[in-house]
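What follows is a single structure, written as structure tokens, with notes after it.
The values are calculated or read from the model by the stated rules, or taken from the named source; none is laboratory data. What you see is a predicted model, and the numbers here were worked out from it, not measured in a lab. All Cβ positions, even for glycine, are placed from backbone atoms using ideal geometry, and neighbour counts span all protein chains on display. SASA here: full protein model, heavy atoms, side chains in, ligands and nucleic acids out. Shrake-Rupley method; radii C 1.70, N 1.55, O 1.52, S 1.80 Å.
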Amino acid sequence: MLRHRRVARSWPAALSWLVLIAVILVAAVGPLLVQADPLRQTPSALLPPGSAGHPLGTDDLGRDELARLVHGAGPLLLVSFAATALAAAVGTGIGLVAGYAGGVVEQILMRLVDLALAFPSILLVILLVAAAGAGTSSLIFGIGISLAPGLARLARALTAREAARDYIVACRLGGTRTPRILVRELLPNIAGPMLAQIVMTLSIAAGFAAGLSYLGLGIQPPQPDWGYMVQAGQEFLFSAPRLVVLPATLTLLFVVACNFVGDDLRDALDPRGTA
């Protein structure tokens, strides 16, 4: 899809691609390069940046701040990508079936989607995570299910537009089975705009993951996580602001980069806009 269309055509888009790739690389290979143990507590609490052996200093428990930032990227990205994948699978599946089937099936599925959308997303996430219990698995499930309805509405609109076109009518008249039409014909033709929206949904998932970790409903300590690091460091906001500023800034950069990348993909893959 990207072969005949250019991405990163503006400097904000190019910079956002670089930020997104950099964060993914930090999460993937950073723990192999930073040798310090992010969980090891030492008597050297609140060392300033530039201290020997601690380029970014230490936190209130004497743990290396650089190691915690590097190791904290992985859990946030794991939850964000897994929850977005779950939302994409559920939402796209519902939208495909509703948009192609129409009639009563569409009405039932979309009324359920509308019911889910009637709840504020953050409230729905908190309810689902609180019901399942704090932890990575419940966080992925709660965020994924809460974000699926928005993707379902887009998938339904795109599918309904494509289902009315001649090539789908020809498939029906030719006796092609419904699962094959959905997977082999419709899904590839809605993949472009769906991919752009999924990347933008990734930014929402990351924001939810960091926010719930900040509230104590997400990734549990002592595992380092950017959201929890903000919550743990706020007590030292004036004496050691880096404990809050660094993880908060990294989270913000990742969220904003996902939004710009999603916009860039939308412009490249679906320049005419969606129905």
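On a 1.4 Å probe surface of the protein chains, which of TYR167, TYR100 comes out largest in accessible area, and what is the full order?
Details: TYR167 70, TYR100 35 Å².
The ordering from most to least exposed comes out as TYR167, TYR100.
Quick one: compute the contact order of the chain, relative version, from alpha carbon pairs under 8 angstrom and 6+ residues apart, as a percent. Relative contact order comes out at 24 percent. Distance between the modelled labels on ARG165 and PHE238, one decimal in nanometres: 6.2 nm (7 Å Cα→Cβ projection). The listed residues TRP226, TRP11, TRP17, once ranked by accessible area (1.4 Å probe) with the largest placed first, stand as TRP11, TRP17, TRP226. When only the Cβ of Lys, Arg, Asp and Glu is charged (+1, +1, -1, -1), the dipole of the chain relative to its Cα centre reaches about 1060 debye. When the alpha carbon gyration tensor of segment 1-86 is reduced to an equivalent ellipsoid, its three semi-axes come out at 34, 16, 10 angstrom, largest first. Taking 0.36 nm per residue of separation and subtracting the current Cα-Cα distance, fully stretching the chain between THR178 and ILE24 would add 51.7 nm. Residues whose amide H lies under 5 Å from that of SER51, counting only those 5 or more places away or on a different chain, are GLY57; hydrogens are built 1.01 Å from N in the peptide plane.
Sorting 148-157, 36-45 by their mean Cβ neighbour count within 10 Å, with the most densely packed peptide first, gives 148-157, 36-45. Between LEU15 and LEU112, the modelled label-to-label distance comes to 4.4 nm, taking each label 7 Å out from Cα in the direction of the beta carbon.
The amide H of GLY102, built 1.01 Å from its N in the peptide plane, has no neighbour under 5 Å, considering only residues 5 or more places off or on other chains.
Look at the dipole of the chain built from charges on Cβ: of ILE108, PRO149, VAL19, the Cα furthest out on the positive end belongs to ILE108. A Förster radius of 22 Å, combined with the Cβ-Cβ distance separating LEU253 from LEU33, puts the computed FRET efficiency at roughly 0.65.
In the chain, which helices (entire DSSP H runs) extend 20 Å or more along their own long axis, judged by Cα positions, while averaging at least -1.0 on the Kyte-Doolittle scale?
On the way: long enough: 11-33 (31 Å, 2.23); 65-101 (53 Å, 1.35); 103-117 (21 Å, 1.37); 136-163 (38 Å, 0.80); 187-215 (40 Å, 1.35); 242-269 (40 Å, 1.24).
Sorted by number, the helices that extend far enough and score high enough are 11-33, 65-101, 103-117, 136-163, 187-215, 242-269.
With every protein chain kept in the model, how would you rank ILE190, ILE145 by accessible area, 1.4 Å probe, largest at the top? Write down the numbers at each step before the final one.
Values: ILE190 0, ILE145 55 Å².
Result, largest first: ILE145, ILE190.
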